[in-house]
Amino acid sequence: ASQSAKNKLQTLTGLFAGVHTGSVRSLQYGWLAYMLGERTTPRLKQFSKIFSVDGNLASGKGALAQKLADKLGMLYMPEPDTFYLDKMTQEKGPLPVEFNGMCNLEKFYTDPKAADGNSYRLQHWMYTMRLLQYSDAIEHLITTGQGVILERSPFSDMVFLEAMFKQGYIRKECVEHYNEIKGISICEFLPPHLVIYVDVPAEEVQKKLKQSGKSYLQNVPLAYLKSIEDCYKKSFLPQISGTSEVLAYDGSQAQDVDKVAEDIEYLKFEKGPWLEQDDISYHHMRMLVEDKQNVATLTHIPRFLPEITVGAHEYDKLYFAYKSLPGKKYASGYNADIGDKYIWLK
């Protein structure tokens, strides 16, 4: 490739971070609001917290998270998918995968060693989606005072990376790239106040997947599910316990929402960086999480990795293809092709 082409090499997340992210808000918080007296701490209550419910595939974590949120008066955010960006930008429907990481979850489960690099492209993209959702959760917490319960978080996303690598789905260079982008991005966020781990044996998980009715989940290797379980127990949970409260339940115990809620009531939440926050730090935190493009670009570094890199010509092709979509040529509110009116007065 020519030097100019090399200069235009972009990672997929960098490309789409610049193309189609941005907080969809009618009013934007800023320095003026803080100077006029807008503060976070007065609205924080007992459950003004971030909880993450973690576990293997088909472990029942989603049902627990939703019921627990209803029980405690918190907001439930289901696990993001590869089209989470489209939900953030309030698209009428999912955009083509070319504008959503160029990855496919079903393809990962049916062909995890695909030569086109789909597996790491998916992992990289999903980490970015989790980061964006986590910023949405923190934004909701500090702007409304209502706590949020998530299914997994960017802090636990690494269990899939390690499982992929152990099974030979991705290269060592991909692991190094992931650890580098995580190292410069996760440090900008505070960990969940509480992690709830639903412990379901890999054998039982595989059985549930076969009963799910989804064809692409029928043959998920037991070794891959065991690797996820091992990473949770040997890496993630010991690490996160230093900054977050941790509760663990087996599959049957996790169905008793009242008991889980009671256990949470007894927690004192006396560790972790959230204890050190004040209105000034909350202000800076809010400025960060409301700037979704800035959040997305935290995972964009100038590294050549074949799995996620596109060249100059492909970049231009994707960019202009995106701009040709209805309502994408100009900024929101300025596109006559989708019915925007009085553009000349704006």
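The values are calculated or read from the model by the stated rules, or taken from the named source; none is laboratory data. Worth saying up front: this structure is predicted, and the values here are computed from it rather than measured. We place every Cβ from the backbone using ideal geometry, glycine too, and count neighbours over all the protein chains shown. What goes into the accessible areas is simple: the full protein's heavy atoms, side chains included, and nothing from ligands, DNA or RNA. Shrake-Rupley method; radii C 1.70, N 1.55, O 1.52, S 1.80 Å.
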Output ordering of 315-322, 220-227 (per-residue mean of other Cβ within 10 Å, highest first) is 220-227, 315-322
Per the charge dipole of the chain (beta-carbon charges, Lys/Arg positive, Asp/Glu negative, Cα centre), the residue among Leu222, Ile149, Gln293 reaching farthest to the positive end is Gln293
Over the range 114-209, with neighbouring protein chains present, the accessible area per residue in Å² at probe 1.4 Å is 28
Excluding ligands, DNA and RNA, the carbon-plus-sulfur percentage of the accessible area of the range 43-335 with a 1.4 Å probe reads 52
Labelled set [x] 24.0; [y] 19.7; [z] 18.4; mean projected area of the Cα convex hull in nm² computed from this model equals the value at [y]
With all protein chains in place and a 1.4 Å probe, Cys187 shows an accessible area in Å² (nearest 10) of 90
Residues whose modelled amide H sits under 5 Å from the amide H of Asp54, counting only those 5 or more places away in sequence or on another chain, are Arg152, Ile196, Tyr197, Val198
For the chain, averaging the sequence separation of alpha carbon pairs under 8 Å that lie six or more residues apart and dividing by its residue count, the contact order in percent is 31
The distance between the Cα centres of the range 50-86 and the range 114-187, in whole Å, is 16
Counting only backbone N atoms under 17 Å from a point 7 Å out along Cα-to-Cβ of Asn294, the residues of the range 150-187 in range are 184-187
If each part is reduced to its alpha-carbon centroid, the range 92-113 and the range 244-280 end up apart, in Å, by 34
Over the range 226-346, with neighbouring protein chains present, the accessible area per residue in Å² at probe 1.4 Å is 59
Any lysines whose Cα falls less than 16 Å from that of Lys166, other than same-chain ones fewer than 8 residues away, would be Lys113, Lys226, Lys233, Lys234
Taking r as the C-beta separation of Leu275 and Ala321 and R0 as 51 Å, the FRET efficiency to the nearest 0.05 is 0.60
Applied in sequence order to the range 301-310, the curve 6.51 cos²θ - 1.76 cosθ + 1.60 (Karplus, θ = phi - 60°) yields integer Hz couplings, x standing for Gly and Pro, of 10, x, 10, 8, 9, x, 4, 10, 9, 10
Judged on accessible area alone, 1.4 Å probe, highest first, Leu267, Leu105 line up as Leu105, Leu267
